[in-house]
Amino acid sequence: MSVKFEEVAKFVDKARVIANDNPEILDVISDSRDVKPGTLFCCIKGEKSDGHEFAKAAEEKGACAFLCERELDISKPQIIVGSVRDYLGEVAALVYGNPSEKLLMVGVTGTNGKTTTTYITRSILQAAGMRVGLLGTIIESDGITDKEADRTTPESCIIQQQLASMVKNGCGACVMETSSHGLFLGRIKGALYDVPVFTNLYPEHLDFHVTMDNYFEAKKLLFTRYVKKNFMGAANFDDPYGKKLLAEFPNNLRGFGLSDGASSRVINSRTSINGTELTIHTEGFNDITLHSPLVGDFNIMNTLCAVTAMRGRVDDEAIIKGVANVPQVPGRLERIDLPNGACVFVDFAHTPSALKSVLSVIRKLSGKDSHIISVFGHGGGRYQQNRPALAQSASEFANEIIITSDNARDEEPLDIAKAIASGATIPYTIETDRAAAVKMGLEKLKKGDILVITGKGPERFITIKNNKIPFNDTEAVKEWRDSH
């Protein structure tokens, strides 16, 4: 796709335009390192840098036009606006041919369960015969190629590029995690969703949103600002904020939950260490019995969420097949068996509620006599009240705790660890070197014991004092296993 500069300039209202040329715009870029000939370079003011300072470099690399907030000392056409972010996504959508209009768009928002829900939803759509793109915390897939994700919700121009690639590759749908930061900062501008989904809301990111009401309002933007006409989605009936959405959009959202009153609910379930069987009743549909390789009560909810969102979009056969074939989600209750009969679970859980959910599932599936060791830390510069609360959650279901580092950032790892330890009511050890902590936990295991490593999931780095140190929990466990 390509668009003439004049068309973009007309699209951007209340802009001042400086132009002596009408170039063909092929790409919309906000990072000067990615500029190539035919690029509209968008000068974003970020927390650490100002894109206007890289305008000359972008011009030298072939940028043919600029979207900016002040007049630039360059020879190429310029569109000057009050806020580049306000226009970036919609301009990119224009240039790339409005790709979200050509895809079934599924957006999943909430505190917990987003990643697993998107994996299940993608598997269901694939079982229905669709090629499906996926954008989320772990991977970005254009329907053909998967690559590691840089952030949950990228800049809006990158999202539009990704959606355009999906269309080009023959995708019929895109399943996407939509973070509260991405929604609040307008990173999904230019995209509209057919199936908005709300999983739940727990205290998190309050360093950014300050209050739970602000956090909810950011999530709610998916349903008020970024939906197509006649959208039909799903919201958690068991969550108080989900109920607010259901009350506000009674004709556009189907409520799912475990409690009476939910229009889509689980009427029978059984989970073991080998997987889950559940029967779902959805008003207006036949009851459906499913077999999933995923374990745990929260994965019952994640499955219910995805199935509720997809009922009426695909047939039951695709739902049954998709749920049965869902792949293991990296860092989401990811199981690794050890030669001595012990096992390890790696999970992304990093809030007290998420850790409690994971450990309660492990305790339930393993039995009351299994020895469970919980290894976790907490990120620096984040919601500090979670630190003792994490240890309180672990103390309910584990037998011992190894407190270690997460992304400490500018804080001292030992200070964070001591704050966590203040909430422990079971034996604990502090080992701030995460690799050493994982090894310590592994060496304690005997047959039937379980090590649960949480907080980072699939992440491949630890950030301490702004240094990114390569490390991955799963790889560390597998390396130890293979050497023993």
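The values are calculated or read from the model by the stated rules, or taken from the named source; none is laboratory data. Small disclaimer: the values here were computed from a predicted structure and weren't measured. Methodologically, a virtual Cβ is constructed for each residue, glycine included, from the backbone with ideal geometry; neighbour enumeration extends over all protein chains shown. Remember, those area values only see protein heavy atoms, side chains included, never the ligands or the DNA or RNA. Shrake-Rupley method; radii C 1.70, N 1.55, O 1.52, S 1.80 Å.
Taking every DSSP helix (H) stretch of at least 4 residues in the chain, weighting each as -39,500 (n - 2.57) and dividing the sum by the residue count yields a mean residue ellipticity at 222 nm of -10000 deg cm²/dmol. Evaluate the relative contact order of the chain (contact order divided by residue number), counting alpha-carbon pairs under 8 angstrom at least 6 apart; express in whole percent. With pairs under 8 Å counted, the relative contact order is 10 percent. Viscosity 1.567 mPa s, temperature 4 °C: Stokes-Einstein D of segment 430-484 from its Kirkwood Cα radius, in µm² per second? This corresponds to a translational diffusion coefficient of 107 µm²/s. Computed from Cα positions, the angle between helix 352-366 and the longest principal axis of the chain comes to roughly 40 degrees. The string of couplings for segment 51-61 from the Karplus curve (6.51, -1.76, 1.60, θ = phi - 60°) is x, 4, 6, 10, 4, 4, 5, 5, 4, 5, 8 Hz, one whole number per residue in order, with x for Gly and Pro. According to the square roots a ≥ b ≥ c of the eigenvalues of the Cα gyration tensor, what is the shape class of segment 3-65, taking rounded for a/c under 1.5, prolate for a/b larger than b/c otherwise, and oblate for the remainder? Judged from the Cα gyration tensor, segment 3-65 comes out oblate (a/c at least 1.5, b/c at or above a/b).
Taking every alpha-carbon pair in segment 83-153 and binning the separations at 5 Å intervals from zero gives 3, 13, 20, 24, 20, 13, 5, 1, 0 percent. Using +1 at the C-beta of Lys and Arg and -1 at the C-beta of Asp and Glu, which of C157, Y119, S141 has the Cα lying farthest in the positive direction of the dipole of segment 115-165? Towards the positive end, the residue furthest out is Y119. Restriction of the trypsin sites (Lys or Arg not before Pro) in segment 118-183 to DSSP coil positions whose beta-carbon has at most 14 other beta-carbons within 10 angstrom yields R151. Heavy-atom accessible surface of the chain, averaged per residue, reaches 42 Å², computed with a 1.4 Å probe. When both segment 84-135 and segment 192-270 are represented by their alpha-carbon centers, they are found 17 Å apart. In this structure, the pairs whose alpha-carbon distance is over 23 Å, taken from K244/K321; K114/K147; K418/K439; K48/K168; K4/K189, are K244/K321; K48/K168. Tell me which of G110, G233, T271 sits at the most positive position along the dipole axis of the chain, charges placed on C-beta atoms (Lys, Arg +1; Asp, Glu -1). Result: T271.
Shown in residue order for segment 15-31 are the 3J(HN,Hα) couplings computed by the Karplus curve 6.51 cos²θ - 1.76 cosθ + 1.60 at θ = phi - 60°: 9, 9, 10, 10, 8, 10, 7, 10, x, 7, 9, 9, 9, 10, 10, 10, 10 Hz (x for Gly and Pro). Working note: Karplus 6.51/-1.76/1.60 with θ = phi - 60° gives segment 425-438 the couplings 10, 10, x, 9, 10, 9, 9, 6, 6, 5, 4, 5, 5, 4 Hz, where Gly and Pro are set to x. Across the options A19, P99, A435, the greatest Cα extent toward the positive end of the charge dipole of the chain (unit charges at beta carbon of Lys, Arg, Asp, Glu) belongs to P99. Along its first, second and third principal axes, ordered by size, segment 1-137 spans 52, 32, 28 Å in Cα coordinates. Rounded to the nearest 0.05, the FRET efficiency derived from the C-beta distance between E283 and E60 at R0 = 60 Å is 0.50. Mind running the shape call on segment 202-304? Use the C-alpha gyration tensor, a ≥ b ≥ c as the square roots of the eigenvalues: rounded below 1.5 for a/c, prolate if a/b tops b/c, oblate otherwise. Since a/c reaches 1.5 but b/c is at least a/b, the shape of segment 202-304 is classed as oblate.
One chain, two ends: K244 and R70. Fully extended at 0.36 nm per residue, the span grows by 58.5 nm beyond their Cα-Cα distance. Mean sequence separation of contacting Cα pairs (under 8 Å, at least six apart), scaled by the length of segment 381-478, corresponds to a relative contact order of 28 percent. Around the Cα centre of the chain, unit charges on the Cβ atoms of Lys, Arg, Asp and Glu (plus for the first two, minus for the last two) sum to a dipole of about 520 debye. Carbon-plus-sulfur accessible fraction, segment 320-402 (probe radius 1.4 Å, protein heavy atoms only): 48%. Per-peptide packing, taken as the mean over residues of other Cβ atoms within 10 Å, places 234-240, 268-274, 26-32, 410-416 in the sequence 234-240, 26-32, 410-416, 268-274 from highest down. Between R270 and D410, the simple label model (points 7 Å from Cα in the Cβ direction) yields a spacing of 5.5 nm. Using C-alpha pairs below 8 Å separated by at least 6 residues, the relative contact order for segment 363-408 is 55 percent.
Expressed in units of 2.2 N^0.38 Å, where N is the residue count, the Cα radius of gyration of the chain is 1.03. So which of K102/K356; K356/K465; K45/K219 end up more than 32 Å apart by C-alpha? Long pairs (Cα-Cα over 32 Å): K102/K356. Between D433 and Q385, the modelled label-to-label distance comes to 3.6 nm, taking each label 7 Å out from Cα in the direction of the beta carbon. Applying a 4.7 Å Cβ-Cβ cutoff to the chain, the cysteines left without a disulfide-compatible partner are C42, C64, C157, C171, C174, C305, C343.
Each Lys and Arg adds +1 at its Cβ and each Asp and Glu adds -1 at its Cβ; summed about the Cα centre, segment 425-484 shows a dipole of about 60 debye. For segment 271-370, the calculated P(r), taken from all Cα-Cα distances in 10 Å bins from zero up to the bin holding the longest distance, is 14, 44, 29, 12, 2 percent.
Taking the protein heavy atoms of segment 136-271 in the context of the full set of protein chains, the accessible area attributed to carbon and sulfur is 48 percent at 1.4 Å. Tilt of helix 114-127 relative to the longest C-alpha principal axis of the chain, in degrees (0 to 90, nearest 10)? Value to nearest ten degrees: 80. For K228, the residues whose amide H sits under 5 Å from its own are Y193, D194, ignoring neighbours fewer than 5 places away on the same chain, with H placed 1.01 Å from N.
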